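Take a look at the structure set out below.
The values are calculated or read from the model by the stated rules, or taken from the named source; none is laboratory data. Values in this document were obtained by computation on a predicted structure and should not be read as measured data. Every residue, glycine as well, gets a Cβ built from its backbone with ideal geometry; the counts of neighbours run over all protein chains shown. Calculation scope for accessible area: heavy atoms of the full protein, side chains included, ligands and nucleic acids excluded. Shrake-Rupley method; radii C 1.70, N 1.55, O 1.52, S 1.80 Å.
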Amino acid sequence: MEIDPLFILVLNLLGTFVFGLSGGLAAVRANLDLFGVLVLAAVVALAGGIARDVLIGTPPATFRDWRYLAAVTAAGLVCFFAGHVLERVESSVTVFDALGLGLFAVTGASKALQFGLGPAQAIILGAVTGIGGGMLRDVLLREVPAVLREGLYAVPALLGAAVPVVAHRAGSSSAVFAVAGAVVCIVVRLVGWKYQVNAPTPKRR
Amino acid sequence: MEIDPLFILVLNLLGTFVFGLSGGLAAVRANLDLFGVLVLAAVVALAGGIARDVLIGTPPATFRDWRYLAAVTAAGLVCFFAGHVLERVESSVTVFDALGLGLFAVTGASKALQFGLGPAQAIILGAVTGIGGGMLRDVLLREVPAVLREGLYAVPALLGAAVPVVAHRAGSSSAVFAVAGAVVCIVVRLVGWKYQVNAPTPKRR
Amino acid sequence: MEIDPLFILVLNLLGTFVFGLSGGLAAVRANLDLFGVLVLAAVVALAGGIARDVLIGTPPATFRDWRYLAAVTAAGLVCFFAGHVLERVESSVTVFDALGLGLFAVTGASKALQFGLGPAQAIILGAVTGIGGGMLRDVLLREVPAVLREGLYAVPALLGAAVPVVAHRAGSSSAVFAVAGAVVCIVVRLVGWKYQVNAPTPKRR
């Protein structure tokens, strides 16, 4: 039994929209113009899902579906016209990024299960789906990606993806676990970021 | 009815060659050596087509076909041996990039139609095909990609791709519309770049 | 007749492990924390094989197989706990990168032959498999990739990949040629790097 596909679609569209906001706001901050904002919103919002589908070995669905393209365009336009308002919210790029991370981690893991991947692979694929967009955003704006710099970035994505995967192994595909996974990821990510929880660094010479 | 495949192949090879020149000249300017020039020419020339085929969900054709590899190698060698001549032409990287943008936008859109994608997707896929190589060139040389910085970059690619797609919807697959689309894209891109036409930037705090 | 798949698997796992060391040590040097080290080790170790499989048009195998994930995790943990020891070895990132380059060049070329690609394509695909991980490592840490900067990087990868391909054309799929190809690649790369063998640079204005 699988999670209701319509529910996954809604989470995916939401994730696409908030990742689009994260990319679009980063573009506003980097003083890009209207099309730079739209392109960066699109790249950030679609990259994770495209990587997920390429790794599964199925044609990228987000790319063919007009609803994702609409969500991306909406996010880009919101950033262009209301970016100066959203910017006032401190660290809005990070917050929207965290929301997208949680939503994509669970939908990525669910899609991997649906295509028959094992539990470890499904958890990793969920994390890749969540991490991909932000990584590309940072590379395109010439920053070292947050996933490499910040202690609690990959971990919440893996944790969030693990919730629906473990539930699935236990026989339940209730949508509750997808929501719970997303919430776990978002909370861990934002708490870790707020309180600067750092992972240990290796000993140096 | 589809555009003559041989004609599309010719446009694709031309696009590969001029994108190869754009990548190779950027490598010459960055003081890379022979192999750096050849590798950057290859990466820039093949990236757009590979992204296109991955997004469609078909094995990357440009990669398997020796004619594309020959076009790429030729472009790299031209840049190595005659780069100091081509460099004298002001902004030659941008000009070759614009030519490739137009050629790849229409061939990418045509291939998407051929694989049954809808018109909006075909236009976006055409733009991705045109934009991909230059974006990767800039990332590898540590610049913010032109598509994010410059107003008229994504727009001409979308416009150029739209011409054959609209014609196809109207029932005509004449090669004339492919050429017209490429010309529209190249002209809009170069005029916008020459006169520094900028898209509006978002309001800041 | 093909090279023993088990032998190719062993070479691939070894290549994954040493590329993981190269990525993990680069992360240690960039002062990343535990998760940064693990993520960069994983990205560098898996990128080449994923690119290879995407270009062939088959679902990325390295991603689905727990043995690769185990090799990557082991490499990341070694770098985290023993990175300060490995770092004392001068240029250890480059040395592990060279080992991975040789191993992946021959396994990439062998996999391409197995999927029926022609000899030129198999050699190039082998080189792409070897080069991909290091290129991504450098981009993520904001350096111009070594393959663009250093004369003898693409060449040893192409040479190493060519050995099993030529042997295959001559009718032999003995594992000896895979090992020989890897050794050729590693030796040429390290000798060229040690003695700063540079390819010619293009004439400038």
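Inspect all residues belonging to the stretch C:92-103 and state whether any of them is among the aliphatic types (A, V, I, L, M) and at the interface with chain A (Cβ under 10 Å from one of its Cβ atoms).
no
Consider the stretch B:145-154. How many of its residues are open to solvent by less than 30 Å² (accessible area, probe 1.4 Å) and in a helix (DSSP H, G or I)?
Qualifying residue count, the stretch B:145-154: 4.
Just one of (1) β-branched (V, I, T); (2) within 14 Å of another protein chain (Cβ to nearest Cβ); (3) over 28 Å from C:L77 (Cα atoms) trips up A:V179, so point out which.
The number of the failed condition is (2).
Return yes or no: is A:V184 closer than 17 Å to A:R52 by Cβ and either assigned to a loop (DSSP other than H, G, I, E, B) or away from chain C (no Cβ under 14 Å) (or both)?
So A:V184 fails the test.
Kindly establish whether B:R137 is closer than 30 Å to A:F80 by Cα and in a loop (DSSP other than H, G, I, E, B).
The answer is no for B:R137.
If a residue has to be farther than 30 Å from C:A82 by Cα and basic (K, R) to count, how many in the stretch A:163-205 make the cut?
Matching residues across the stretch A:163-205 total 2.
Take A:F7 and decide whether it is open to solvent by 40 Å² or more (accessible area, probe 1.4 Å) and aromatic (F, W, Y).
When the stated conditions are applied, A:F7 passes them.
The conditions are (1) in a helix (DSSP H, G or I); (2) more than 14 Å from chain C (Cβ to nearest Cβ), and A:G171 fails exactly one of them. Which is it?
The number of the failed condition is (1).
Give me a count of the residues in the stretch B:22-33 that are among the polar types (S, T, N, Q) and within 17 Å of the chain's Cα centre (by Cα).
Number satisfying all stated conditions: 1.
With C:A70, C:A82, C:A74 as the choices, which residue is away from chain A (no Cβ under 14 Å) and farther than 25 Å from B:P59 by Cβ?
Residue meeting the stated conditions: C:A74.
Among the residues of the stretch A:126-148, is there at least one that is farther than 26 Å from C:V44 by Cα and out of contact with any Leu (no Cβ under 7 Å at 6 or more places or on another chain)?
Checked against the condition, which is being farther than 26 Å from C:V44 by Cα and out of contact with any Leu (no Cβ under 7 Å at 6 or more places or on another chain), the stretch A:126-148 yields no hits at all.
Any idea how many residues of the stretch B:136-192 are under 16 Å from the mean Cα position of the chain (by Cα), in contact (Cβ under 8 Å) with a residue 60 or more places away in the chain and within 30 Å of A:V144 (Cβ to Cβ)?
Number satisfying all stated conditions: 2.
Any idea which residue in the stretch B:158-205 is nearest to B:T107 (Cα to Cα), counting only those that are touching an Asp or Glu at 6+ places or on another chain (Cβ under 7 Å) and surrounded by fewer than 19 Cβ atoms within 10 Å (Cβ to Cβ)?
Looking at residues that are touching an Asp or Glu at 6+ places or on another chain (Cβ under 7 Å) and surrounded by fewer than 19 Cβ atoms within 10 Å (Cβ to Cβ), I get B:A175.
Taking the condition of being over 22 Å from B:T201 (Cα atoms) and not in a helix (DSSP H, G or I), how many residues in the stretch A:30-73 meet it?
5
Quick check on A:A27: is it in a helix (DSSP H, G or I) and more than 10 Å from every other protein chain (Cβ to nearest Cβ)?
So A:A27 fails the test.
Yes/no per residue for (1) open to solvent by 20 Å² or more (accessible area, probe 1.4 Å); (2) over 14 Å from the mean Cα position of the chain (by Cα):
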{"position": "A:L14", "(1), (2)": "yes, no"}
{"position": "A:G20", "(1), (2)": "no, no"}
{"position": "A:F35", "(1), (2)": "yes, yes"}
{"position": "A:G57", "(1), (2)": "yes, yes"}
{"position": "A:T62", "(1), (2)": "no, no"}
{"position": "A:A70", "(1), (2)": "yes, yes"}
{"position": "A:C79", "(1), (2)": "no, yes"}
{"position": "A:E87", "(1), (2)": "no, yes"}
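Suppose we filter the stretch A:113-124 for residues that are closer than 13 Å to C:F63 by Cα, within 10 Å of chain C (Cβ to nearest Cβ) and in contact (Cβ under 8 Å) with a residue 40 or more places away in the chain; how many remain?
Final tally of qualifying residues: 1.
Residues to consider are C:G83, C:G76, C:G108; find the one that is assigned to a helix (DSSP H, G or I) and touching a Ser or Thr at 6+ places or on another chain (Cβ under 7 Å).
Just one listed residue meets the conditions, C:G108.
Could you give every pair whose Cβ atoms fall below 6 Å, whose first residue belongs to the stretch C:55-68 and is free of Cβ contacts under 8 Å to residues at least 60 places away in the same chain, and whose second residue is outside any helix (DSSP H, G or I), counting only separations of at least 6 or pairs across chains?
C:G57/B:P59; C:P59/A:G57
From the set of residues in the stretch A:52-80 that are charged (D, E, K, R) and in contact with a Lys or Arg (Cβ under 9 Å, 6 or more places away or on another chain), which is farthest from C:A47 (Cα to Cα)?
If we take residues in the stretch A:52-80 being charged (D, E, K, R) and in contact with a Lys or Arg (Cβ under 9 Å, 6 or more places away or on another chain), then A:D53 is farthest from C:A47 (Cα to Cα).
In the stretch A:121-135, is there at least one residue being open to solvent by 60 Å² or more (accessible area, probe 1.4 Å), modelled with pLDDT of 90 or more and touching a helix residue (DSSP H, G or I) at 6+ places or on another chain (Cβ under 9 Å)?
No, there is no match, as no residue in the stretch A:121-135 is open to solvent by 60 Å² or more (accessible area, probe 1.4 Å), modelled with pLDDT of 90 or more and touching a helix residue (DSSP H, G or I) at 6+ places or on another chain (Cβ under 9 Å).
Return the residues of the stretch B:116-150 that are of a type in the set (V, I, T) and more than 23 Å from A:V28 (Cα to Cα); say none if nothing qualifies.
B:I123, B:T129
Can you tell me which of A:V106, A:V43 is in contact (Cβ under 8 Å) with a residue 12 or more places away in the chain and either within 12 Å of chain B (Cβ to nearest Cβ) or surrounded by fewer than 24 Cβ atoms within 10 Å (Cβ to Cβ) (or both)?
A:V43
Sort through B:V54, B:V37 and tell me the only one that's more than 14 Å from C:I124 (Cα to Cα) and away from chain A (no Cβ under 14 Å).
B:V37
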